[in-house]
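K.L.:
Quick one: structure below, then a few questions.
The values are calculated or read from the model by the stated rules, or taken from the named source; none is laboratory data. Bear in mind that the values here come from a model prediction, so they are computed numbers and not experimental data. Here the Cβ is made from the backbone with ideal geometry for all residues, glycine too, and neighbour counts use every protein chain on show.
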Amino acid sequence: MVLRKTCALAGAVALAFVGSPLSAQAETLTVSWWGFNGEKLDEFIVQPFQEQCSCELVFETGNNADRLNKIKIRGGKGVDVIYLTDSFSQQGIEEGLFQPIDRSKVPNIDGLHEMAQAPQGEYGPAYTIGRVGIVYDSAKVEPPISQWSDLWREDLASSVSLPGITTTAGPMVVMIAGDKAGTDAFEDANPAFGELEAIRGNILKNYNTGSEMINLFSTGEITVSLAQDFALGRLQDAVPTIVWADLDDGDIATLNTLNIPTGAENVELAHEFINFVLDPERQKVLAENGVDAPVHAAVELSPEAAAQWTYGEEMLGSLKRVDYERMNTAKVDWINRWNELFGG
């Protein structure tokens, strides 16, 4: 049997993975992921893993919310491994959609940086770590941005874009506003939303996709935004004077996790796949080819390769963590209040 061609649409990107010939008895592993970097993922993960396992990989692609919802509708079935950001994997854990990872079958977990080994208890590890911070056009913003509260500076009137409240980074804005007010937004959101009311004059527009944010910088409509670090390269390609702010009060960690749903049909192969993705040599190849930041402590990158990533003990140790159990509880109220303030 020849591995069938599996096509899926992720955003505006169509992905096709075509494998090598496999036997008629080949096992099938179904993977749910975003589908970005399709050609590179095919080269550095799909093809080599199929050679290792003599199995067939098929895919379900889409954004976090849609893919998690599909598993929920199917009662935890239909997928063997799912890639999610930590906010959505926490939601899946709370809804009983994932099974604990048997760490004896994923020995590479032991070599990961501590933050990545068990970010949500007995469930899946993180396979990459990113960060949310502030980006700004250094040719237009002076003095440099050095702390989160600089978003409220008077000289930034009508020149800032915030991520929408339903994006990965959106709820973090409420946390940041609570910090500025000197309170915990999870305990009392009123002071945080008071600060968000105060920042409205600086906000030109809230964005919902990375491409939208990049376009706002490209047209000169904004000079400052919150961003995830995976977008930095594309931002700098569009506007070379954009820089990542060195914040005294630290960036916020974002972890991408790998989990096995409760109804997975091929649990043994799912563990093998997770261990493969966490292999230090595989992690290094992915990082050097612009796919993901490595989380295995044994990976050593050149300064040039490391420059685009959240990489190394010092940087990881400086990141703030988000309590997603509390955030998921608070988020419904935050979304309603945000939409009242900024519009839905």
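K.L.:
Considering (1) in contact with a strand residue (DSSP E or B) (Cβ under 6 Å, 6 or more places away or on another chain); (2) at pLDDT 95 or above, say which one residue 146 fails and leave the rest.
P.N.:
(1)
K.L.:
Quick one: would you say residue 92 is touching a residue at least 60 places away in the same chain (Cβ under 8 Å) and either in a loop (DSSP other than H, G, I, E, B) or under 16 Å from residue 295 (Cα atoms) (or both)?
P.N.:
On the way: touching a residue at least 60 places away in the same chain (Cβ under 8 Å): yes; either in a loop (DSSP other than H, G, I, E, B) or under 16 Å from residue 295 (Cα atoms) (or both): no.
So residue 92 does not fit the description; no.
K.L.:
Go over the candidates 199, 222, 260, 214 one by one and state the one that is part of a strand (DSSP E or B) and either over 17 Å from the mean Cα position of the chain (by Cα) or exposed (fewer than 15 other Cβ atoms within 10 Å of the Cβ) (or both). It would help to see each step written out before you state the result.
P.N.:
Working: 199 fails: part of a strand (DSSP E or B); 222 fails: part of a strand (DSSP E or B); 214 fails: part of a strand (DSSP E or B).
Within the list 199, 222, 260, 214, the selection yields 260.
K.L.:
Identify the single condition in (1) touching a Cys at 6+ places or on another chain (Cβ under 9 Å); (2) in a helix (DSSP H, G or I); (3) modelled with pLDDT under 95 that residue 16 does not satisfy, given that it satisfies every other one.
P.N.:
(2)
K.L.:
Taking the conditions exactly as written (touching a residue at least 60 places away in the same chain (Cβ under 8 Å), part of a loop (DSSP other than H, G, I, E, B), of a type in the set (A, V, I, L, M) and surrounded by 14 or more Cβ atoms within 10 Å (Cβ to Cβ)), does residue 134 satisfy them or not?
P.N.:
Details: touching a residue at least 60 places away in the same chain (Cβ under 8 Å): yes; part of a loop (DSSP other than H, G, I, E, B): no; of a type in the set (A, V, I, L, M): yes; surrounded by 14 or more Cβ atoms within 10 Å (Cβ to Cβ): yes.
In short, no.
K.L.:
Tell me which residues, restricted to the range 283-296, are over 18 Å from residue 124 (Cα atoms), touching a residue at least 60 places away in the same chain (Cβ under 8 Å) and not small (Gly, Ala, Ser). So that I can check it myself, show each step before the final result.
P.N.:
Restricting attention to the range 283-296, the residues satisfying the condition of being over 18 Å from residue 124 (Cα atoms) are 284-291.
If we keep only those that are touching a residue at least 60 places away in the same chain (Cβ under 8 Å) as well, we get 285-286, 289-291.
Scanning the range 283-296 gives 285, 286, 289, 291.
K.L.:
The conditions are (1) assigned to a loop (DSSP other than H, G, I, E, B); (2) not assigned by TED's automatic domain parsing to the domain that holds residue 228, and residue 116 fails exactly one of them. Which is it?
P.N.:
Single failed check for residue 116: (1).
K.L.:
Out of 261, 294, which single residue is within 18 Å of residue 40 (Cα to Cα) and at pLDDT 95 or above? Spell out the reasoning first.
P.N.:
On the way: 261 fails: within 18 Å of residue 40 (Cα to Cα).
Exactly one of 261, 294 is within 18 Å of residue 40 (Cα to Cα) and at pLDDT 95 or above, namely 294.
K.L.:
Pick from 268, 325: which is surrounded by fewer than 17 Cβ atoms within 10 Å (Cβ to Cβ), more than 29 Å from residue 163 (Cα to Cα) and of a type outside the set (Gly, Ala, Ser)? Steps first, answer last, please.
P.N.:
Details: 325 fails: more than 29 Å from residue 163 (Cα to Cα).
Being surrounded by fewer than 17 Cβ atoms within 10 Å (Cβ to Cβ), more than 29 Å from residue 163 (Cα to Cα) and of a type outside the set (Gly, Ala, Ser) holds for just one of 268, 325, which is 268.
K.L.:
Which residue out of 131, 103 is more than 30 Å from residue 76 (Cβ to Cβ) and among the basic types (Lys, Arg)? Step through it out loud before you land on a result.
P.N.:
On the way: 103 fails: more than 30 Å from residue 76 (Cβ to Cβ).
Of the residues listed, the single one that is more than 30 Å from residue 76 (Cβ to Cβ) and among the basic types (Lys, Arg) is 131.
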